[in-house]
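Novice: So that we are looking at the same thing, I have put the structure below in structure tokens.
The values are calculated or read from the model by the stated rules, or taken from the named source; none is laboratory data. Please read all numbers here as calculations on a predicted model, not as lab measurements. So basically every Cβ, Gly included, is an ideal-geometry build from the backbone, and we count neighbours across all protein chains shown. The area values use the complete protein model at the heavy-atom level, side chains included, leaving out ligands, DNA and RNA. Shrake-Rupley method; radii C 1.70, N 1.55, O 1.52, S 1.80 Å.
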Amino acid sequence: MSVITLTSDYGLIDYRVSAVKGKILSLKEDIQIVDISHDIQAYDLLQTAYIVRNAYSFFPKGTVHIISVDSFFNKSRKSILYKADGHYFIAADNGVLSLIFFDQKPEAVYEITLNNRFDDEVTFTSTDIFVPVAVHLQNGGLPEVIGRKFKSPKQLSFPKPVFNESERMVIGEVMYVDNFGNVISNISKSFFESCGIGSEKFIIKFRNLALSKIYDRYTGLVGNWQKEHEYHGKSAAIFNNAGLLELTIYKGNANSGAKTLFGLKVGENIFIEFQ
């Protein structure tokens, strides 16, 4: 089955998402279109990378992922195609693909050239460039037909945590806030464990608050399921499905979650002190 996914910062009020889907179907009727998200904050490449990185691997190999974030057309900016992990990713050359694959090298990178003729007019990148490329690939076409190998796509630096050995402290930062108000950091479980060798105790510090335990799931703090309701609103730290340290409020939401109650924003520091 041919699958094309869509990720954008278009929202669902305007016409853009339906226009992209309509264009796909006008070129290939027997295709499955899946929305990853259209609620990306405008031009937010870090948020885009987090969402796509944690979603794409659940799709079958050969899926084509269209990423329409910060993608408005400009002749001075290229459109590119990544082939990575058995999938194809189409985006503007704005660095978002380097954030998604910050820890692995793509199998191939192409500059999309099908719109490079002097008389080609591009009014909407997603319908005029991204969709024809995606459909070409899902029809079994070769990337070389619509592009040429590209050695210098734009690179962005993924924020990484650091370890202060003298103070035995990990310094990370908030990189994403999800729909439940959960605050996700850039501190991975593997980095935490490598820094904490020989230490059984630690304190997670943020703003003027602290936690001293990390659970492996959202429900980990519930000690008595007969009284589960008593744990609503309790704060906790977990390693989430992406293997990243996350601060959460049990059964919280966008208005009553960790972001609101802790007052944390993207870019703020989170500290872990080993004892």
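Novice: Which of the residues that make up region 207-216 are free of Cβ contacts under 8 Å to residues at least 40 places away in the same chain and open to solvent by 50 Å² or more (accessible area, probe 1.4 Å)?
Specialist: Step one: list which residues in region 207-216 are free of Cβ contacts under 8 Å to residues at least 40 places away in the same chain, which gives 208, 210-216.
Within region 207-216, Asn208, Ala210, Ser212, Lys213, Tyr215, Asp216 qualify.
Novice: For region 8-34, which residues satisfy the criterion of being of a type in the set (Gly, Ala, Ser) and surrounded by 12 or more Cβ atoms within 10 Å (Cβ to Cβ)?
Specialist: Ser8, Gly11, Ala19, Gly22, listed by residue number.
Novice: Next up: Can you tell me how many residues within region 244-262 are part of a loop (DSSP other than H, G, I, E, B) and surrounded by 13 or more Cβ atoms within 10 Å (Cβ to Cβ)?
Specialist: 6
Novice: Is there any pair linking a residue in region 35-63 that is in contact (Cβ under 8 Å) with a residue 60 or more places away in the chain and within 14 Å of Met175 (Cβ to Cβ) to one that is open to solvent by less than 40 Å² (accessible area, probe 1.4 Å) and part of a helix (DSSP H, G or I), with Cβ under 7 Å and at least six apart or on different chains, and which?
Specialist: Correct list of pairs: Leu45/Val96; Leu45/Leu99; Leu46/Leu99; Ala49/Val96; Ala49/Leu99; Ala49/Ile100; Arg53/Ile100.
Novice: From the list Ala210, Ala236, which residue is assigned to a strand (DSSP E or B) and touching a Phe, Trp or Tyr at 6+ places or on another chain (Cβ under 7 Å)?
Specialist: From the options Ala210, Ala236, the qualifying one is Ala236.
Novice: Which condition number in (1) exposed (fewer than 12 other Cβ atoms within 10 Å of the Cβ); (2) in a strand (DSSP E or B) is the one that Ile204 fails?
Specialist: (1)
Novice: Determine which member of the set Ile184, Ile197 is under 30 Å from Asn269 (Cβ atoms) and without any contact (Cβ under 8 Å) to a residue 24 or more places away in the chain.
Specialist: Just a single option satisfies the conditions, and that option is Ile197.
Novice: Something else now. All but one of (1) over 19 Å from the mean Cα position of the chain (by Cα); (2) farther than 15 Å from Met1 by Cβ; (3) assigned to a helix (DSSP H, G or I); (4) among the hydrophobic types (A, V, I, L, M, F, W, C) hold for Ile24; which doesn't?
Specialist: Unmet condition: (2).
Novice: Just name the residue that is surrounded by the most Cβ atoms within 10 Å (Cβ to Cβ) out of those in region 135-156 that are in a loop (DSSP other than H, G, I, E, B) and without any contact (Cβ under 8 Å) to a residue 60 or more places away in the chain.
Specialist: The extreme case among them is Gly141.
Novice: Still on this structure, please answer the following. Has region 145-163 got any residue that is out of contact with any His (no Cβ under 9 Å at 6 or more places or on another chain), over 25 Å from Ala49 (Cα atoms) and modelled with pLDDT of 95 or more?
Specialist: Looking through region 145-163, none of the residues is out of contact with any His (no Cβ under 9 Å at 6 or more places or on another chain), over 25 Å from Ala49 (Cα atoms) and modelled with pLDDT of 95 or more.
Novice: Next up: Filtering region 61-108 down to residues that are hydroxyl-bearing (Ser, Thr, Tyr) and open to solvent by 30 Å² or more (accessible area, probe 1.4 Å), which residue is nearest to Gly141 (Cα to Cα)?
Specialist: Of everything passing the filter in region 61-108, Tyr88 is nearest to Gly141 (Cα to Cα).
Novice: If you don't mind, another one. Considering only region 167-190, I want to know if a residue exists there that is part of a loop (DSSP other than H, G, I, E, B) and of a type in the set (Asp, Glu).
Specialist: yes
Novice: Going through region 37-56 one residue at a time, which ones are of a type in the set (S, T, N, Q) and open to solvent by less than 70 Å² (accessible area, probe 1.4 Å)?
Specialist: Ser37, Gln47, Thr48, Asn54
Novice: Take the residues of region 172-199 that are β-branched (Val, Ile, Thr) and closer than 25 Å to Tyr218 by Cβ: which is most open to solvent (accessible area, probe 1.4 Å)?
Specialist: Val177
Novice: Could you tell me how many of the residues in region 56-103 are farther than 18 Å from His38 by Cα and part of a strand (DSSP E or B)?
Specialist: Residues meeting the conditions: 8.
Novice: Still on this structure: Is there any pair linking a residue in region 21-33 that is closer than 18 Å to Ile67 by Cβ and without any contact (Cβ under 8 Å) to a residue 40 or more places away in the chain to one that is in a helix (DSSP H, G or I) and open to solvent by less than 40 Å² (accessible area, probe 1.4 Å), with Cβ under 8 Å and at least six apart or on different chains, and which?
Specialist: Ile33/Ile24
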